[in-house]
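Q: What follows is a single structure, and I will ask about it in a moment.
Nothing in this text is a laboratory measurement; each read-out follows from the coordinates by a stated rule. Bear in mind the structure is a predicted one, so any value in this text is a computation, not a measurement. Cβ atoms come from the backbone with ideal geometry, glycine included; neighbour counts cover every protein chain shown.
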Amino acid sequence: MDDQQFVAAIVNSLAWPAAVIVVAGLLRQELLGVFRRLQTFEFRGARLTFTALPHYEKMIAAATKDAGAPTAEDAAVVRREATEFSAVGALAPEAPRQAIIDAWGLLEYQLNLASDRLAPDQPHGWPQVARNLERLDKWPLLYPAVQELRRLRDYTVQASRPPSGADAARYVSVAQDVATAVQTSLTSQSIGTPGGTQ
């Protein structure tokens, strides 16, 4: 093989990769849009999807359907939750990862408060809080949604690519719905304050 054949072989072997790089550079914005619209992610053997959230929205709606009228105190709590979650929802388009993390934090706080009302002297921490919340009659409908929100939050923290703003907004909405459903379920069961009667 002479020098000309050697150079021709190198140019020929680099032609396809160079063409792919040029096309990817020219279509960069379109490719980014495609990746942002992806609804399913795989990470270390786990498969997570934001498309499952509408299913949980229906379950949450079923959990809140039969609730009675809230007391003035409970209505104030729900209004405060709506304000807190709306601030996080406004964060979703610009900082979707942070919005999901903050929404989970607000939900976790509300779950801890509910757990304290049901079992005042129990420690916090996810397994214990979930056990305490089993006393809620609607918990079987809410628990799968809480688990999915928790998995999506964990994935979001570990993933190298943030979710889309739309996925973050939906996450915040579902987290708020769960918090409201837990509060409504507490009200409908007439759970007393810590140390009170049930």
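Q: Can you order the peptides 159-166, 88-95 by their average number of other Cβ atoms within 10 Å per residue, highest first? Each step should come with its number before you reach the end.
A: On the way: 159-166: 15.1, 88-95: 17.6.
Ranked from most to least packed, the peptides come out as 88-95, 159-166.
Q: In nanometres, what is the gap between the two model label sites at residue 87 and residue 122, each 7 Å from Cα along Cα-to-Cβ?
A: The modelled label-to-label distance comes out at 2.9 nm.
Q: At 7 Å along the Cα-to-beta-carbon direction for both residue 11 and residue 94, put a label point, then send me their distance in nm to one decimal.
A: With each label point 7 Å from Cα toward Cβ, the separation is 5.1 nm.
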